[in-house]
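To start, the structure under review is shown below, and the notes come after it.
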Amino acid sequence: MFLVKPEYFNKTIIIKGLITAILISAFIYLEYLNFNFKILNTFLGLLGLYFLITIPKNSLIYAGFFTGIFWFYWIANSFFYYEVAYLIPFAVLGFGLALSLLFYLTAFINKAFFRICAIFALSFIEPFNFNWFKLELLFIDSYLQTSKIAFILILLAVFLITRKLKYKFLAIVPLLFAFDYNPNLKIKEPNLKIYMSKIEVKQDQKWLKQNQHLIVNKNINEIDKAIDLNYDLVILPETTLPLLLNKDKFLMQYLKEKSQKIDIVIGAMSSDEKGFYNSSFFFSKEKVVIANKVVLVPFGEEIPLPSFLTDLINKWFYNGAQDYIKAVTPTDFNINGYKFRSAICYEATTNKIFENINDTKYMIAISNNAWFTPSIEPILQKLLMKYYTKKYNVIIYHVANGSENYIIKP
């Protein structure tokens, strides 16, 4: 193992790695603190990449380790609800070590140009279908673009800055091509009054049988409030109804009747002979469309491993529960003549949910962030959604339990 060598424990080596991790994580925490300035994000992003390219190979181990923790420590929060809280320290260390290895491999050939290419390659790596580590996000609220082409141009500019003095001035050329000349693409919002409900239910209370009636009533009250205020559409969070909605005939009929007065998008579980789904239900004029989740959360809703390992993990950590079933293609809701793509939490931050979305400029995303809060998870989710709104030129109406609601525009 490379960590047994004394030179890997040099204080300067560790500090350089830590500073690098701070620089390439700062944009998340600045957004968390609502301290967001484009010029600062641009500077810190460029400086972070400069450090990532120029620090010693040994420092990359620590840069990756601290980055993994700064970006993803919050995933371990969910372990409380699976009654395996004792694994939290190991999980946090695991995220750090995973990024540590990836960063170290960027200097497999210890040349600056190879490191540039390897860092760019990192933006395509999605271990176990988890795609939330995107270095392009450094520039999501900056003066630079976040496309793959822009990212390689930015890396080229930083590379030129590391060269001899006579080449440094050339760095301005790729930066000019990476500059965001259209920071605010205009999309006309739909002519609808949309009520984005605010329901807070703690994760350890949501599925208790004695709380079901109270939680259902909270949702009904939100729908009634939206009707009283003459809204056209009410959106409620992911699994906000803690039950199999399609199997509850009384509640299904009740919501159909409510939909004579207002269109309703509400999250709940559903099931059929194949298994269980995480679903979004759209009620309108007594009709219902069910959109089942297309992209499942790795290790949360599905185990992306061979079946024998999947069965073993489900037995040990999930009390024998089975993976959710996923839909093949995304679903669109037609709301008063406007097409809205349905997205449920994690899938709103994946390319899959945006397939064939060319004629659809609006998305309804519902989440349950109570698994992870308090933490930076809702902020990272918001920044990722902003990344995809820019990429696909859509407006996302995001309603969540456990965090703030947002309308996210390109």
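Structure above, values below:
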read-out: Any pair with Cβ under 8 angstrom, 6 or more apart, that starts in the range 175-195 at a residue that is open to solvent by 40 Å² or more (accessible area, probe 1.4 Å) and ends at one that is basic (Lys, Arg) and assigned to a loop (DSSP other than H, G, I, E, B); value: Asn184/Lys409
read-out: Test: Asn221 is modelled with pLDDT of 95 or more, more than 28 Å from the chain's Cα centre (by Cα), within 17 Å of Glu257 (Cβ to Cβ) and open to solvent by 90 Å² or more (accessible area, probe 1.4 Å); value: yes
read-out: Scan of the range 379-410 for residues that are among the polar types (S, T, N, Q) and closer than 20 Å to Gly267 by Cβ, ordered by number; value: Gln381, Asn401, Ser403, Asn405
read-out: Residue within the range 9-27 that is of a type outside the set (S, T, N, Q), within 21 Å of Glu404 (Cβ to Cβ) and at pLDDT below 95 present; value: no
read-out: Residue in the range 306-318 that is at pLDDT below 95, farther than 25 Å from Tyr81 by Cβ and assigned to a loop (DSSP other than H, G, I, E, B) present; value: yes
read-out: Number of positions in the range 339-349 that are in contact with a strand residue (DSSP E or B) (Cβ under 6 Å, 6 or more places away or on another chain) and in contact (Cβ under 8 Å) with a residue 24 or more places away in the chain; value: 7
read-out: Matching helices (runs of 4 or more DSSP H) fully within the range 17-80 where at least 1 residues are open to solvent by 60 Å² or more (accessible area, probe 1.4 Å); value: 26-32, 38-54
read-out: Some residue of the range 355-363 being modelled with pLDDT of 95 or more and either among the acidic types (Asp, Glu) or open to solvent by less than 30 Å² (accessible area, probe 1.4 Å) (or both); value: yes
read-out: Residues located in the range 370-390, provided they are open to solvent by 20 Å² or more (accessible area, probe 1.4 Å), farther than 26 Å from Gln205 by Cα and modelled with pLDDT of 95 or more; value: Lys386
read-out: Where Asn36 falls short, out of the listed (1) at pLDDT 95 or above; (2) under 22 Å from Leu175 (Cβ atoms); value: (1)
read-out: Residue in the range 119-147 that is farthest from the chain's Cα centre (by Cα), counting only those that are surrounded by 20 or more Cβ atoms within 10 Å (Cβ to Cβ) and of a type in the set (Phe, Trp, Tyr); value: Phe139
read-out: The range 115-132 residues that are closer than 16 Å to Leu155 by Cβ and in contact (Cβ under 8 Å) with a residue 12 or more places away in the chain, paired with ones that are among the aromatic types (Phe, Trp, Tyr) and open to solvent by less than 50 Å² (accessible area, probe 1.4 Å) (beta carbon under 7 Å, 6 or more apart); value: Ile116/Phe159; Phe120/Phe151; Ser123/Phe151
read-out: Matching option when the condition is of a type in the set (Gly, Ala, Ser), touching a helix residue (DSSP H, G or I) at 6+ places or on another chain (Cβ under 8 Å), over 30 Å from Ile364 (Cβ atoms) and open to solvent by less than 30 Å² (accessible area, probe 1.4 Å), among Ala150, Ala112; value: Ala112
read-out: Residue satisfying condition, being within 18 Å of Ser403 (Cβ to Cβ), surrounded by fewer than 21 Cβ atoms within 10 Å (Cβ to Cβ) and under 26 Å from the mean Cα position of the chain (by Cα), within set Glu200, Glu238; value: Glu200
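The values are calculated or read from the model by the stated rules, or taken from the named source; none is laboratory data. Just so we're clear, the structure is a prediction, and the values are computed from it rather than from any experiment. Please note: Cβ atoms are built from the backbone with ideal geometry, for glycine as well, and neighbour counts cover all protein chains shown. The accessibility values were calculated without ligands, DNA or RNA, using every heavy atom of the protein model including side chains. Shrake-Rupley method; radii C 1.70, N 1.55, O 1.52, S 1.80 Å.
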